[in-house]
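Structure record follows, encoded as structure tokens.
The values are calculated or read from the model by the stated rules, or taken from the named source; none is laboratory data. Just so we're clear, the structure is a prediction, and the values are computed from it rather than from any experiment. Cβ atoms come from the backbone with ideal geometry, glycine included; neighbour counts cover every protein chain shown.
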Amino acid sequence: MNLILLGPPGAGKGTQAKRIEEARGLVQLSTGDMLRAAVAAGTEVGNRAKAVMEAGELVSDDIVIGIISERIDEPDCENGFILDGFPRTVAQAEALDKLLAEKNKTLDVVIEMQVEDDPLVGRITGRFTCAKCGEGYHDEFKKPARDGICDKCGGTQMTRRADDNEETVRSRLAAYHEQTAPLIDYYGKKGVLKSIDGMKAIDEVTSQISTVLDAV
């Protein structure tokens, strides 16, 4: 089974992708992770990406598609994959469709995680992470049992992403609505789009996704 998780930044796509990966034996593919791995491995596409990034430029769609192409040919993707954070535009979606067709693969379902902007801003700006082990926390929804001490590893240094501030988050949401929201119509017309309520508790969102995947 091959699927896409669609939703704005902070919607919880990464969290849900990890849960699907564990429950169903699929592979979560994050374009950022794949890009770094390809560069580190020195693959042909990775070297092209490295040259572009070292020049301070944005990696083009064809390079990203090339990296996805390399990655989904690996044996661990045989059972299927979850794309998280890609495609971001209709042009990328069309390129992905072409790539999958060339490999005789299909896109089984696109799950849209519907969330509201204002609560999402609060969800993102409240995030912080243990610098030692990477465990994630939130000012309101997931505080450590002991203030300033990681529940998982006992670390005492917490960090926040510099871009997790309201101004930046609202700018990213505006970009999502402009560039990525048209994908909802694109995949809706193809008959593969399923929408769920991403504002529910994490476990409830997981349950909704599971129901969708069981029906595919």
Answer yes or no as to whether S195 is of a type in the set (S, T, N, Q) and under 17 Å from G85 (Cα atoms).
-> yes
Look at G155 and say whether it is out of contact with any helix residue (DSSP H, G or I) (no Cβ under 9 Å at 6 or more places or on another chain), part of a loop (DSSP other than H, G, I, E, B) and touching a residue at least 12 places away in the same chain (Cβ under 8 Å).
-> yes
Candidate set: the range 160-216, residues that are at pLDDT 95 or above and not in a helix (DSSP H, G or I); chosen: the one surrounded by the fewest Cβ atoms within 10 Å (Cβ to Cβ) | G191
Show the residue pairs that are 6+ apart or on different chains and have beta-carbon atoms under 7 Å apart, the first residue being within the range 70-97 and farther than 17 Å from M1 by Cα, the second being part of a strand (DSSP E or B).
-> G85/S30
Need at least 1 residues that are surrounded by fewer than 20 Cβ atoms within 10 Å (Cβ to Cβ) per element, so show me which strands (runs of 3 or more DSSP E) inside the range 1-112 make the cut, counting only ones lying wholly within it.
-> 27-30
Are any residues in the range 122-144 without any contact (Cβ under 8 Å) to a residue 60 or more places away in the chain and assigned to a helix (DSSP H, G or I), and if so, which ones?
-> G122, T125
Give just the number: which of (1) under 30 Å from K194 (Cα atoms); (2) surrounded by 12 or more Cβ atoms within 10 Å (Cβ to Cβ) does D151 not satisfy?
-> (1)
Over the range 175-216, the set of residues polar (S, T, N, Q) and out of contact with any Ser or Thr (no Cβ under 6 Å at 6 or more places or on another chain) is T180, S195, T206, S207, Q208, S210, T211
Out of (1) modelled with pLDDT of 90 or more; (2) over 24 Å from I184 (Cα atoms), what's the single condition that is false for L58?
-> (1)
